[in-house]
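Some notes on the structure that comes next.
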Amino acid sequence: MYDLKALRENLDPIRTVLGRRGNDVPWDDLRKLSEERRTHTMQVEQLRQELNKGSEEVARLRRAKEPADEAMAAMKRLGDRIKDAEGTLRNAEEALSDVTLRIPNLPHASVPVGSDASENVEVRRWGTIPSFSTPPKPHWDIGEGLGILDFDRAAKIAGARFSVMTGAGARLERALINFMLDTHTTQHGYREVVPPLMVNRPSMTGTGQLPKFEEDLFRLKDEDYFLIPTAEVPLTNLHREETLSGDRLPLRYTAYTPCFRREAGSYGKDTRGLIRLHQFNKVELVSFTTPDRSYEELERLTGHAEMILQSLELPYRVVALCTGDMGFSSAKTYDLEVWLPSQQQYREISSCSNFEAFQARRAGIKYRSSSGGKKDAKSDFVHTLNGSGLAVGRTLVAILENFQQPDGSVEIPSVLRPYMGGLERIEKE
RNA sequence: GGAGAGGUGGCCGAGUGGCCGAAGGCAGCGGUUUGCUAAACCGCCGUAGGGACAAAAUCUCUACCGAGGGUUCAAAUCCCUCCCUCUCCGCCA
């Protein structure tokens, strides 16, 4: 969301910079709606001022034991006019916020311009792509062969796009979660959180999932709760409607949570395996910073996610998303893509974004610099960032595929072995 | 699920129809005093949205006492609905 004043005064430049991102925004209405809100505000405030003065006059007359009936009658008529004017104003405000809440964030100047994923820019690569004497198998074949993945039973108990992991597969998932959380809390300075997996509407609006993307979310039938599509939502909303003290920033949080996504509109994509599910596990990183340090923080946070891939010895690359491929709320995004031998391509395993003040403005997250209530210590919106550190299921996929052996077994990366009770290799039981 | 209590500024806490954006205290900031610290004393000390000004400073208006409605010339205060917190009972992992 934007500062209304800034939006009104810079409508055309903003529209230009957004380009294709803002295609579906009714820009011409916006100008009109914003003007309407302003004139109706003035109207209501002026009427209220009259009413306040009139009421004081009534009070004065009654104290002086003078007749006030006429003044009271006049004020009653004024009150009716105010009610009308307020109704008009409320409509104008709703119409305006309806539009402004659907305007995507402005891309940062360093974001490559482009219309879709093909114009993303590779920033760097890490690791060596493994070579295989026979064609590498996809992870679903490996997992079912080892008896650690069971998609048939997942379909029976839930449906398509769900998974069941058993035995060493389930333990590997848990090992990854623990390894990621331990690394981020002890090496990277994040505070671990166990948040709610269901959140209310204001929280979803605060981080930008609502109002525009409701069809992507699972919603409870009888309560106005939504299943979180990412821990970004509860973690960022931890400080909704709060003013943080500047010397406590940056605040860094990490959480492991299941994530729930409708995946509406993704029919036919990644229908097999663990890549695209209605429910998956993810370890998330969230950071609140001052505006002057948020891009530095984006690099750092991205590095924290990269550290996990490096520790697991998984080859990956970092991609800067172009303007056309970025998410709605983001000002700049790096995707981490891990190498999948069966597909002979890099696939997204983490997405690290700086939202600047976009979410903070929606969610009312501010900070006050330095100490004290001095006049120069004005409050301002924080910048929020988040990144996957990492998507656990996709990490498991990458391990199965990159560490598969000719005999069908899978070697376990050495950093995970302590988490696997010393197990070095997953073999058919 | 049933019964009750309560939600007021950064915190505590007064306030049952007008003189209340809100007493008082604490914390914070500035100052006086002081060899230094402490104490004492004085002053300042909420947020948001408009308007005036070229702009800043400033001035001014409006709104906000959990949220939304209602009554009234006038609501923190009266009424209704909802949300949240706490206590007791029931149920439950």
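The values are calculated or read from the model by the stated rules, or taken from the named source; none is laboratory data. Small disclaimer: the values here were computed from a predicted structure and weren't measured. With ideal geometry, Cβ positions are generated from the backbone for all residues, glycine too; neighbour counts draw on all protein chains shown. SASA here: full protein model, heavy atoms, side chains in, ligands and nucleic acids out. Shrake-Rupley method; radii C 1.70, N 1.55, O 1.52, S 1.80 Å.
The amide H of residue A:349, built 1.01 Å from its N in the peptide plane, has A:336, A:337, A:338 as neighbours under 5 Å, considering only residues 5 or more places off or on other chains.
Under the convention that each Lys and Arg Cβ holds +1 and each Asp and Glu Cβ holds -1, the size of the dipole of chain A around its Cα centre is about 900 debye. Calculated FRET efficiency, residue A:83 to residue A:248, Cβ-Cβ distance, R0 = 56 Å: about 0.80 to the nearest 0.05. With the cut-off at under 19 Å, measuring from each backbone N in the stretch A:305-327 to a point 7 Å along the Cα-to-Cβ line of residue A:121 picks out A:317-327. For chain A, a Gaussian network of Cα nodes joined below 10 Å ranks A:142, A:82, A:177 by mean-square fluctuation, and the top entry is A:82.
So which chymotrypsin sites (Phe, Trp or Tyr not before Pro) in the stretch A:260-315 pass both tests, a DSSP loop state and at most 13 other Cβ atoms within 10 Å of the Cβ? Within the stretch A:260-315, the qualifying chymotrypsin sites (Phe, Trp or Tyr not before Pro) (loop, at most 13 other Cβ atoms within 10 Å) are A:267. Between residue A:219 and residue A:59, the FRET efficiency estimated from the beta carbon spacing at R0 = 45 angstrom works out to 0.35. The calculated FRET efficiency for residue A:271 paired with residue A:90, based on their beta-carbon distance and R0 = 51 Å, is about 0.65. Placing dummy labels 7 Å off each Cα toward the beta-carbon, the span from residue A:16 to residue A:70 is 6.0 nm. If you roll a 1.4 Å probe over the stretch A:123-247 with all protein chains in place, what percent of the accessible area is carbon or sulfur? Here carbon and sulfur together make up 51 percent of the probe-accessible area.
Using a 10 Å cut-off on Cβ atoms, rank the peptides A:314-322, A:13-21 from the highest mean neighbour count down.
By packing density, highest mean first, the sequence is A:314-322, A:13-21.
Across the stretch A:387-429, Cα-Cα distances exceeding 15 Å account for 48% of all pairs.
Between residue A:43 and residue A:144, full extension at 0.36 nm per residue minus the direct alpha carbon distance yields a gain of 29.4 nm. In this rough spin-label picture, where each label sits 7 Å from Cα along the Cβ direction, the residue A:101-residue A:174 distance is 4.1 nm. For chain A, the solvent-accessible area works out to 49 Å² per residue, with a probe of 1.4 Å and every protein chain left in place.
Ranking of A:238, A:217 by solvent-accessible surface, largest first: A:238, A:217 (1.4 Å probe, protein heavy atoms only, all chains present).
Checking every one of the trypsin sites (Lys or Arg not before Pro) in the stretch A:387-429 against DSSP loop status and a limit of 12 other Cβ atoms within 10 Å picks out A:428. Between the listed residues A:147, A:109, A:135, the Cα displaced farthest toward the positive end of the dipole of chain A, a dipole computed from Cβ unit charges relative to the Cα centre, is found at A:109.
Between A:222, A:182, A:98, the GNM of chain A built on Cα springs shorter than 10 angstrom shows A:222 fluctuating the most. Accessible surface ranking for A:256, A:346, 1.4 angstrom probe, highest first: A:256, A:346.
With 0.36 nm allotted per residue and the present C-alpha distance subtracted, the residue A:369-residue A:212 stretch has 53.2 nm of extension available. Listed cross-link partners A:32/A:378; A:332/A:366; A:212/A:269; A:32/A:212; A:156/A:221; A:5/A:53 are compared with a 28 Å cut-off, the Cα-Cα value being larger for A:32/A:378; A:5/A:53. In the stretch A:179-210, which residues have a backbone nitrogen under 15 Å from the label point lying 7 Å from residue A:279's Cα in the Cα-to-Cβ direction? Backbone N within reach: A:197-198.
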